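Enquirer: If you scroll down you'll find the structure; I have some questions about it.
The values are calculated or read from the model by the stated rules, or taken from the named source; none is laboratory data. This structure is a prediction, so every number in the text was calculated from the model and none was measured. Positions of Cβ are generated from backbone atoms using ideal geometry, with glycine treated the same way; all protein chains shown enter the neighbour counts. To get the accessible areas, we keep the full protein, side chains included, count just its heavy atoms, and leave off ligands, DNA and RNA. Shrake-Rupley method; radii C 1.70, N 1.55, O 1.52, S 1.80 Å.
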Amino acid sequence: MDTPVGEQEIKLLLNDMLELYGFDFTDYAKASLKRRINRLFTLDRFPSFAEFRYHLRNDPDYSKRFVEQITVNVTEMFRDPVFYQNLREHVLPVLATYPFIRIWHAGCSTGEEVFSMAILLKEANLLHKSLLYATDLNPVVLQKASTGIFPMSQMKQYSENYIAGGGTEDFSRYYTASYNMVKFDEELSSRMVFSTHNLVSESSFNQFQLIMCRNVLIYFEKELQGRVFALFDDSLENLGFLALGSKETLKLSPIISKYRQEGKEKIWRKIH
Amino acid sequence: MAQNSLNGVQKIVVIGGSAGSLHVILHILARLRADLNIPIVIILHRKNDSDSSLSQLMAFRTDLPVKEADDKEAILPGNVYLAPADYHLLIETDKNFSLDDSEKINFSRPSIDVTFETAAEAYGEGVTGILLSGANADGVEGLSIIKAHKGTIVVQDPSTAQVPYMPQQAIDAMPIDHTLTVEQIPDFINQL
């Protein structure tokens, strides 16, 4: 038994996405991509691969859904609390010495980590002199992120993460609840800039003191991971920090000689 | 590699377990041949903590190298790999691992189904999938996909399982190649 959308069919779809819409998924890790494409195929009840492909090629709106559904947009606030504790204790005091702080959240998805960072900055009294650039290839998730509205059902978990990561305030002071949603304070989002940016095809657009890119690179094949590391290196000031997901590493990348890992968490500092 | 290349089929053993299966896995590891020439991949449902104590606990039981699987790591015979907490573990057709933090499946991340399904697609008839004790149905769909790719499917005898629900779900869903007691599982792996 084979899945309805096999490897050859995926090649066709990825070529269509590149040629017709300019999205390059050809160097994404295949097993995950295959699962997500087949999930979408089942979800949208296409009777055959040919109809799936026809729809994708001829309906630009459907290409947006395709991008939204095959990229993974699962994220949470203060995920891996110890990581956030490290940011709080070791990275923010260094950033505090700059007159102006620029942070890039690359592949920010629906923005939970950007709001987490804004809370850290506010508590360190640095938010007023910081700018958080939040980018993703997917305009749909960016739109969600920019509203600062998240489901109430998540707040218990996020509050626990926040406290485990060294937070000492009452977490609910940062949002206003309405029905089953909460809206985070506009003071937090006032220091955020949301913009589409495709790590696969676009170049560096600024210089940062901290780049956060957590659990994005696992979706890329090795060679593409290397290209993205070079892009981050181009975008990071000397002595800046690069923060990755808990299972991602700079170790095997050619730029590693210019970086030093800070402690046990996946935070590297550019030292050359 | 000799054993693996003898008939041109690369082999892999994927073991999924949930509630009540940790001691079974430790029992299996303690009895594996030191010269086992097949990779073993373990997906164990557990709480989301990123400490490495579980792989250390496992490493005490066997002379085979035990580690948490890393993203894009090559899968080597004779190694025992553990799916990391809070990530799905996928097997690529070029016999590397990749990680994925997409939605939980059957309330689980790592999900046994995800690893079983991708193992089936990468290794075909070379896959042996083993489902142990547990309280949910994760892994049942994965076993059926392994079977569809002509792999071998094994479940822990529910009468020997601390929580029989998971292996029983598999038995109810499809014909199982081997239903084995905890004692029989290591011998079965050793003669693959």
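Enquirer: Applying the selection to the stretch B:138-169, what residues are under 28 Å from B:Thr93 (Cα atoms) and more than 15 Å from the chain's Cα centre (by Cα)?
Expert: Hits for the stretch B:138-169 are B:Ala148, B:His149, B:Lys150.
Enquirer: Another one. Restricting attention to the stretch A:87-99, which residues are open to solvent by 30 Å² or more (accessible area, probe 1.4 Å) and part of a helix (DSSP H, G or I)?
Expert: Let us first name the residues in the stretch A:87-99 that are open to solvent by 30 Å² or more (accessible area, probe 1.4 Å), namely A:88-90, A:93-94, A:96-99.
If the condition is that a residue be open to solvent by 30 Å² or more (accessible area, probe 1.4 Å) and part of a helix (DSSP H, G or I), then A:Arg88, A:Glu89, A:His90, A:Pro93, A:Val94 are the ones that fit.
Enquirer: Within the stretch A:175-210, count every residue that is touching a Gly at 6+ places or on another chain (Cβ under 7 Å), within 17 Å of A:Gln143 (Cα to Cα) and part of a loop (DSSP other than H, G, I, E, B).
Expert: Total meeting the criteria: 0.
Enquirer: Would you mention how many residues in the stretch B:32-67 are open to solvent by 30 Å² or more (accessible area, probe 1.4 Å) and under 13 Å from the mean Cα position of the chain (by Cα)?
Expert: Count: 1.
Enquirer: OK, next. Could you please give the count of residues in the stretch A:175-192 that are surrounded by fewer than 15 Cβ atoms within 10 Å (Cβ to Cβ) and under 16 Å from A:His128 (Cα atoms)?
Expert: Total meeting the criteria: 3.
Enquirer: Looking for something open to solvent by 20 Å² or more (accessible area, probe 1.4 Å), on the phi > 0 side of the Ramachandran plot and assigned to a loop (DSSP other than H, G, I, E, B) - is there at least one such residue anywhere in the stretch A:253-266?
Expert: Checked against the condition, which is being open to solvent by 20 Å² or more (accessible area, probe 1.4 Å), on the phi > 0 side of the Ramachandran plot and assigned to a loop (DSSP other than H, G, I, E, B), the stretch A:253-266 yields at least one hit.
Enquirer: Hey, among the residues in the stretch A:240-261 that are touching a strand residue (DSSP E or B) at 6+ places or on another chain (Cβ under 7 Å) and in contact (Cβ under 8 Å) with a residue 40 or more places away in the chain, which one's nearest to B:Leu99 (Cα to Cα)?
Expert: Looking at the filtered set, the residue picked out is A:Ala243.
Enquirer: Return yes when A:Tyr162 is away from chain B (no Cβ under 14 Å) and of a type in the set (Ser, Thr, Tyr) and no when it is not. First the steps, then the outcome.
Expert: Working: away from chain B (no Cβ under 14 Å): yes; of a type in the set (Ser, Thr, Tyr): yes.
Here the answer is yes, as A:Tyr162 does meet what is asked.
Enquirer: For the stretch B:98-116, enumerate the residues that are of a type in the set (Val, Ile, Thr) and more than 9 Å from every other protein chain (Cβ to nearest Cβ). Explain how you work it out, then say what you get.
Expert: Taking the stretch B:98-116 first, the residues of a type in the set (Val, Ile, Thr) are B:105, B:112, B:114-115.
Result: B:Ile105, B:Ile112, B:Thr115.
Enquirer: Take the stretch A:12-33 and flag every residue that is among the hydroxyl-bearing types (Ser, Thr, Tyr) and open to solvent by 20 Å² or more (accessible area, probe 1.4 Å).
Expert: Kept after step one, since they are among the hydroxyl-bearing types (Ser, Thr, Tyr), are these residues of the stretch A:12-33: A:21, A:26, A:28, A:32.
A:Tyr21, A:Thr26, A:Tyr28, listed by residue number.
Enquirer: Report, by residue number, each residue of the stretch B:90-115 that is over 20 Å from A:Val72 (Cβ atoms) and touching a residue at least 60 places away in the same chain (Cβ under 8 Å).
Expert: Of everything in the stretch B:90-115, just one residue is over 20 Å from A:Val72 (Cβ atoms) and touching a residue at least 60 places away in the same chain (Cβ under 8 Å), namely B:Lys95.
Enquirer: Identify, please: which residue in the stretch A:208-248 is acidic (Asp, Glu) and facing chain B (nearest Cβ under 9 Å) and is, among those, least open to solvent (accessible area, probe 1.4 Å)? Don't jump to the end; show me each part of the working.
Expert: Initial filter on the stretch A:208-248 (acidic (Asp, Glu)): A:221, A:223, A:233-234, A:237, A:248.
Narrowing the set further to residues that are facing chain B (nearest Cβ under 9 Å) leaves A:221, A:248.
On the way: A:Glu221: 63, A:Glu248: 8 Å².
Applying the filter and picking the extreme gives A:Glu248.
Enquirer: So which helices (runs of 4 or more DSSP H) stay within the stretch B:106-192 end to end and still have 1 or more residues that are under 23 Å from B:Ala30 (Cβ atoms)?
Expert: Values: elements: B:112-123, B:140-148, B:165-173, B:184-190.
Qualifying helices (runs of 4 or more DSSP H): B:112-123, B:165-173, B:184-190.
Enquirer: For the subset of the stretch A:131-163 comprising residues that are in a helix (DSSP H, G or I) and charged (D, E, K, R), which member is surrounded by the most Cβ atoms within 10 Å (Cβ to Cβ)?
Expert: Initially, the stretch A:131-163 is screened for residues in a helix (DSSP H, G or I), giving A:139-147, A:152-163.
If we keep only those that are charged (D, E, K, R) too, we end up with A:144, A:156, A:160.
On the way: A:Lys144: 18, A:Lys156: 10, A:Glu160: 14.
Within the stretch A:131-163, the match that is surrounded by the most Cβ atoms within 10 Å (Cβ to Cβ) is A:Lys144.
Enquirer: For the stretch A:12-32, which positions are within 14 Å of chain B (Cβ to nearest Cβ) and either free of Cβ contacts under 8 Å to residues at least 12 places away in the same chain or not in a helix (DSSP H, G or I) (or both)?
Expert: First, the residues of the stretch A:12-32 that are within 14 Å of chain B (Cβ to nearest Cβ): A:27-32.
A:Asp27, A:Tyr28, A:Ala29, A:Ala31, listed by residue number.
Enquirer: Can A:Ser172 be described as touching a strand residue (DSSP E or B) at 6+ places or on another chain (Cβ under 8 Å), at pLDDT 95 or above and either in a loop (DSSP other than H, G, I, E, B) or surrounded by fewer than 22 Cβ atoms within 10 Å (Cβ to Cβ) (or both)? Give the derivation first.
Expert: Details: touching a strand residue (DSSP E or B) at 6+ places or on another chain (Cβ under 8 Å): no; at pLDDT 95 or above: yes; either in a loop (DSSP other than H, G, I, E, B) or surrounded by fewer than 22 Cβ atoms within 10 Å (Cβ to Cβ) (or both): yes.
No.
Enquirer: Here's another thing I want to ask about it. Anything in the stretch B:98-135 that is more than 17 Å from A:Ile218 (Cα to Cα), open to solvent by less than 20 Å² (accessible area, probe 1.4 Å) and among the aliphatic types (A, V, I, L, M)? List them, or say none.
Expert: Scanning the stretch B:98-135 gives B:Ile112, B:Ala119, B:Ala120, B:Ala122, B:Val127, B:Ile130, B:Leu131, B:Leu132.
Enquirer: What are the pairs with Cβ atoms under 8 angstrom where one residue, in the stretch A:67-85, is closer than 30 Å to A:Met17 by Cα and the other, located anywhere, is charged (D, E, K, R) and assigned to a loop (DSSP other than H, G, I, E, B)? Sequence gap at least six, or different chains.
Expert: These pairs meet every condition: A:Val72/B:Asp101; A:Val74/B:Asp101; A:Val74/B:Glu103.
Enquirer: Being within 14 Å of chain B (Cβ to nearest Cβ) and either within 22 Å of the chain's Cα centre (by Cα) or open to solvent by 10 Å² or more (accessible area, probe 1.4 Å) (or both) is true for just one of A:Arg65, A:Arg36. Which residue is that? Step through it out loud before you land on a result.
Expert: Values: A:Arg65 fails: within 14 Å of chain B (Cβ to nearest Cβ).
Being within 14 Å of chain B (Cβ to nearest Cβ) and either within 22 Å of the chain's Cα centre (by Cα) or open to solvent by 10 Å² or more (accessible area, probe 1.4 Å) (or both) holds for just one of A:Arg65, A:Arg36, which is A:Arg36.
Enquirer: Which one of A:Thr135, A:Thr147 is free of Cβ contacts under 8 Å to residues at least 60 places away in the same chain and of a type in the set (Val, Ile, Thr)?
Expert: Working: A:Thr135 fails: free of Cβ contacts under 8 Å to residues at least 60 places away in the same chain.
Only one candidate qualifies: A:Thr147.
Enquirer: Please count how many residues of the stretch B:69-97 are more than 13 Å from the chain's Cα centre (by Cα), surrounded by fewer than 20 Cβ atoms within 10 Å (Cβ to Cβ) and more than 8 Å from every other protein chain (Cβ to nearest Cβ).
Expert: Residues in the stretch B:69-97 being more than 13 Å from the chain's Cα centre (by Cα), surrounded by fewer than 20 Cβ atoms within 10 Å (Cβ to Cβ) and more than 8 Å from every other protein chain (Cβ to nearest Cβ): 7 in total.
Enquirer: Starting from residues that are open to solvent by less than 10 Å² (accessible area, probe 1.4 Å) and in contact with a Lys or Arg (Cβ under 8 Å, 6 or more places away or on another chain), keep the ones in the stretch A:100-115 and report whichever is farthest from B:Ser102 (Cα to Cα).
Expert: Result: A:Ile101.
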